[in-house]
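Engineer: Can you read through this structure? Questions will come right after.
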Amino acid sequence: MSDNKTITDPTAEIAERALRKTSIVYSPGWDGTIQRYIFVAPYDCSIDQIQIVSDTTVVADDINYYTFQIQNLTRAEALLASAKTTSATGGTAITADAVYPLDPDQNTVIGDGDVIELQVTESGVATDLTGAEILVVVEYT
């Protein structure tokens, strides 16, 4: 996944990339509030990025929307200081076939065996994603 940054030291960039690992999980879509296990830490590590990719668009709407949180169930810690949402106020739409970032901004260091869960809460009647194909991409070092 591109970091969209200027590379000042190509050797350092290559070394950093070599340390990163990626876990990709297929998750069937949803229509409502759900919880999905997305990652079990294979060793002590740091979560750098989490994204979802859907083949269906979810428009930004203040009545019918989803809210996303990433939770370390083992340590009872949220990885997002503020949940991400598709609400028009303070949120963004999910565009079909594009990365929707849920990048952690706290509690990113996790322990061997920690279980990470994607928590989705539906408000109103958001776009039905039961037929959607969802990929969850976890990048860690």
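The values are calculated or read from the model by the stated rules, or taken from the named source; none is laboratory data. Predicted model, so just to flag it, every value in this text is computed and none were measured. Glycine also receives a Cβ, built like all others from the backbone with ideal geometry; neighbour counts cover every protein chain displayed.
Engineer: Keeping to the range 123-141, report how many residues are at pLDDT 85 or above, in contact with a strand residue (DSSP E or B) (Cβ under 8 Å, 6 or more places away or on another chain) and surrounded by fewer than 16 Cβ atoms within 10 Å (Cβ to Cβ).
Structural biologist: Total meeting the criteria: 1.
Engineer: Can you pull out every residue in the range 28-69 that is under 14 Å from Val109 (Cβ atoms) and in contact with a Pro (Cβ under 6 Å, 6 or more places away or on another chain)?
Structural biologist: If the condition is that a residue be under 14 Å from Val109 (Cβ atoms) and in contact with a Pro (Cβ under 6 Å, 6 or more places away or on another chain), then Ile47 is the only one that fits.
Engineer: Of the residues in the range 97-122, how many are under 21 Å from Thr57 (Cα atoms), surrounded by 13 or more Cβ atoms within 10 Å (Cβ to Cβ) and touching an Asp or Glu at 6+ places or on another chain (Cβ under 9 Å)?
Structural biologist: Residues that pass the stated criteria total 2.
Engineer: So, in the range 1-45, how many residues would count as being of a type in the set (Val, Ile, Thr), in a loop (DSSP other than H, G, I, E, B) and at pLDDT 85 or above?
Structural biologist: Of the residues in the range 1-45, the ones of a type in the set (Val, Ile, Thr) are 6-8, 11, 14, 22, 24-25, 33-34, 38, 40.
Imposing the further condition that a residue be in a loop (DSSP other than H, G, I, E, B) reduces the set to 6-8, 33.
From what is left, the residues that are at pLDDT 85 or above are 33.
Matching residues across the range 1-45 total 1.
Engineer: Another question, if that's okay. Testing Gly90 on (1) modelled with pLDDT of 90 or more; (2) in contact with a strand residue (DSSP E or B) (Cβ under 9 Å, 6 or more places away or on another chain); (3) not charged (D, E, K, R), one condition comes back false. Which one is that?
Structural biologist: Condition (2) is where Gly90 drops out.
Engineer: Within the range 85-93, is there a residue that is polar (S, T, N, Q), within 28 Å of Thr141 (Cβ to Cβ) and out of contact with any helix residue (DSSP H, G or I) (no Cβ under 7 Å at 6 or more places or on another chain)? So that I can check it myself, show each step before the final result.
Structural biologist: First pass over the range 85-93, keeping only residues polar (S, T, N, Q): 85-87, 89, 92.
Going one step further and asking which of them are within 28 Å of Thr141 (Cβ to Cβ), we end up with 85, 92.
Now narrow it down to the ones that are out of contact with any helix residue (DSSP H, G or I) (no Cβ under 7 Å at 6 or more places or on another chain): 85, 92.
Yes.
Engineer: I need a count of the residues in the range 46-76 that are assigned to a loop (DSSP other than H, G, I, E, B), touching an Asp or Glu at 6+ places or on another chain (Cβ under 6 Å) and more than 23 Å from Glu133 (Cα to Cα).
Structural biologist: Going through the range 46-76 one residue at a time, the tally reaches 2.
Engineer: Looking at the range 62-96 only, could you name the residues that are crowded, with 17+ Cβ neighbours inside 10 Å and hydroxyl-bearing (Ser, Thr, Tyr)?
Structural biologist: Tyr65, Tyr66, Thr67, Thr85, Thr86, Ser87 - these are the residues of the range 62-96 that are crowded, with 17+ Cβ neighbours inside 10 Å and hydroxyl-bearing (Ser, Thr, Tyr).
Engineer: Report, by residue number, each residue of the range 77-91 that is out of contact with any Asp or Glu (no Cβ under 7 Å at 6 or more places or on another chain) and farther than 10 Å from Tyr65 by Cα.
Structural biologist: Glu77, Ala78, Leu79, Ser82, Ala83, Lys84, Gly90
Engineer: Looking at the range 83-141 only, could you name the residues that are assigned to a loop (DSSP other than H, G, I, E, B) and either aromatic (Phe, Trp, Tyr) or free of Cβ contacts under 8 Å to residues at least 40 places away in the same chain (or both)? Walk me through it before giving the result.
Structural biologist: Narrowing the range 83-141 to residues assigned to a loop (DSSP other than H, G, I, E, B): 83, 86-93, 95-98, 102-108, 111-114, 124-132, 141.
Those that are assigned to a loop (DSSP other than H, G, I, E, B) and either aromatic (Phe, Trp, Tyr) or free of Cβ contacts under 8 Å to residues at least 40 places away in the same chain (or both): Ala83, Ser87, Ala88, Thr89, Gly90, Gly91, Thr92, Ala93, Thr95, Asp105, Gln106, Asn107.
Engineer: Quick one: in the range 81-96, which of the residues that are out of contact with any Phe, Trp or Tyr (no Cβ under 7 Å at 6 or more places or on another chain) and among the hydrophobic types (A, V, I, L, M, F, W, C) is nearest to Thr56 (Cα to Cα)?
Structural biologist: This residue is Ala96.
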